[in-house]
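**Student:** Handing you a structure now.
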Amino acid sequence: AKANGSDACELYKREMRYQLHEKFHVENDLRRALERGEFSLFFQPQFDLSTNQYCGEEVLVRWDHPVEGLISPSKFLSIAEESGLIVAIGEWVLKESCLQKKRLIEQGFPEVPMSVNLSLKQFLQKNIVETVKNALQESKLPPHLLELEVTESVTIDIDRTKGVLQRLLSLGVHISLDDFGTGYSSLQYVSQLSIQELKIDQTFVRNIGKERQSEGIISMIINLAHYLNITVIAEGVETEEQLLFLKEHRCNKVQGYYYSRPLALKEYKVFLTDTLHL
Ligand code: C2E
Ligand code: CA
Ligand code: CA
Ligand code: CA
């Protein structure tokens, strides 16, 4: 038994070393990826349910790995987050998405807002307001066309968050509270934050027609948004049934595979051109 125990311990140690090793590698790869310009931006359109019109998009980062191909953020963002690299990656995303959006507008695509995700760590950077301001200035993108998506985790430090949000809002950008309903922020906090949009998490949307509880939460979030006089958007809409439910409950906007997967810029332009009959 003793031998087994120490074997297990040895195995555990080896696994730990392996994990650390792996993480170290991914971290280095990420750093190099940033230097080599291996990240790219995908765009997923959003639609207004009252007009059925294209009304904006969300920018989603991808790692275009030379060997592995496109890698989704779920595979590398936690390591980027832990190592702090998310800050540099996030700055690149912000800058680049503003430049690309500005170009889209110059090419005649509609002047609708673009949403960019901000991680908690990025949001808590001392210079976050400066970073956003620079991205806007360098791209000359009108501030009202930039919407920043933050998650409820920002309410961990509510007083600080209120200050940062105020300063961001004074730049003219909009704020959307992402993954809403999955976190732990109190309704009181939400009503204190000056935000323009609540984004219903896809875990609830997925359960439409399957689970009464999720449907109840969705309708509650929609009512809350209407009460607060802000916009509400649902993500992860894949079926007509989900769409109809959201329409009936007067959700303002939707985004999901039902309309389009996130697309690379070139494909996105084709999608928009077809959709808008440009
Ligand atoms: P999120 O912000 O909740 O983004 C929505 C995710 O759902 C995206 O995954 C999107 O591709 C996916 N999605 C959209 N429509 C559907 C649908 O109809 N069905 C299903 N099953 N999924 C759908 P993605 O692109 O893999 O991104 C995952 C997460 O990574 C994002 O979740 C966001 O938290 C984070 N992320 C992505 N890009 C960035 C970024 O530039 N910066 C930061 N900080 N985080 C990012
Ligand atoms: Ca939006
Ligand atoms: Ca998001
Ligand atoms: Ca989500």
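The values are calculated or read from the model by the stated rules, or taken from the named source; none is laboratory data. Given the structure is predicted, the values throughout are model-derived calculations rather than measurements. Don't worry about glycine lacking a Cβ; one is built from the backbone with ideal geometry, like all the others, and counts go over all protein chains shown. For accessibility, only protein heavy atoms count, side chains too; no ligands or nucleic acids. Shrake-Rupley method; radii C 1.70, N 1.55, O 1.52, S 1.80 Å.
**Student:** State all residues of the range 104-126 that are over 13 Å from VAL173 (Cβ atoms), more than 9 Å from ligand 1 (Cβ to nearest atom) and either of a type in the set (A, V, I, L, M) or within 11 Å of the chain's Cα centre (by Cα) (or both); if no residue qualifies, say none.
**Tutor:** LEU104, ILE105, VAL112, LEU124
**Student:** Being open to solvent by 30 Å² or more (accessible area, probe 1.4 Å), of a type in the set (Asp, Glu) and farther than 26 Å from TYR268 by Cβ is the filter; apply it to the range 101-158 and report the residue that is modelled with the lowest pLDDT.
**Tutor:** Of everything passing the filter in the range 101-158, ASP157 is modelled with the lowest pLDDT.
**Student:** Now, a different point. Quick check, is TYR259 within 20 Å of LEU104 (Cβ to Cβ), surrounded by 18 or more Cβ atoms within 10 Å (Cβ to Cβ) and of a type in the set (Phe, Trp, Tyr)?
**Tutor:** Details: within 20 Å of LEU104 (Cβ to Cβ): yes; surrounded by 18 or more Cβ atoms within 10 Å (Cβ to Cβ): no; of a type in the set (Phe, Trp, Tyr): yes.
In short, no.
**Student:** May I ask you to say which residue of THR275, THR231, THR239 is over 15 Å from ILE208 (Cα atoms) and more than 14 Å from ligand 2 (Cβ to nearest atom)?
**Tutor:** THR275
**Student:** Output the number of residues of the range 187-208 satisfying the condition of being open to solvent by 50 Å² or more (accessible area, probe 1.4 Å) and not charged (D, E, K, R).
**Tutor:** From the range 187-208, those open to solvent by 50 Å² or more (accessible area, probe 1.4 Å) are 187-189, 191-192, 196, 202-203, 206; that's our starting set.
Next, only the ones that are not charged (D, E, K, R) stay: 187-189, 191-192, 196, 202-203.
Selection size over the range 187-208: 8.
**Student:** Among the strands (runs of 3 or more DSSP E) lying completely within the range 10-126, list those that include at least 2 residues that are within 16 Å of ligand 2 (Cβ to nearest atom).
**Tutor:** 39-48, 53-65, 114-117
**Student:** Kindly indicate the residue of the range 59-70 that is open to solvent by less than 30 Å² (accessible area, probe 1.4 Å) and either of a type in the set (A, V, I, L, M, F, W, C) or touching a residue at least 40 places away in the same chain (Cβ under 8 Å) (or both) and also farthest from ligand 3 (Cβ to nearest atom) among those meeting that condition.
**Tutor:** TRP63
**Student:** So, one more: Checking the structure you have, find out if any residue of the range 145-159 is under 16 Å from the mean Cα position of the chain (by Cα), touching a residue at least 40 places away in the same chain (Cβ under 8 Å) and part of a helix (DSSP H, G or I).
**Tutor:** Checked the range 145-159: at least one residue is under 16 Å from the mean Cα position of the chain (by Cα), touching a residue at least 40 places away in the same chain (Cβ under 8 Å) and part of a helix (DSSP H, G or I).
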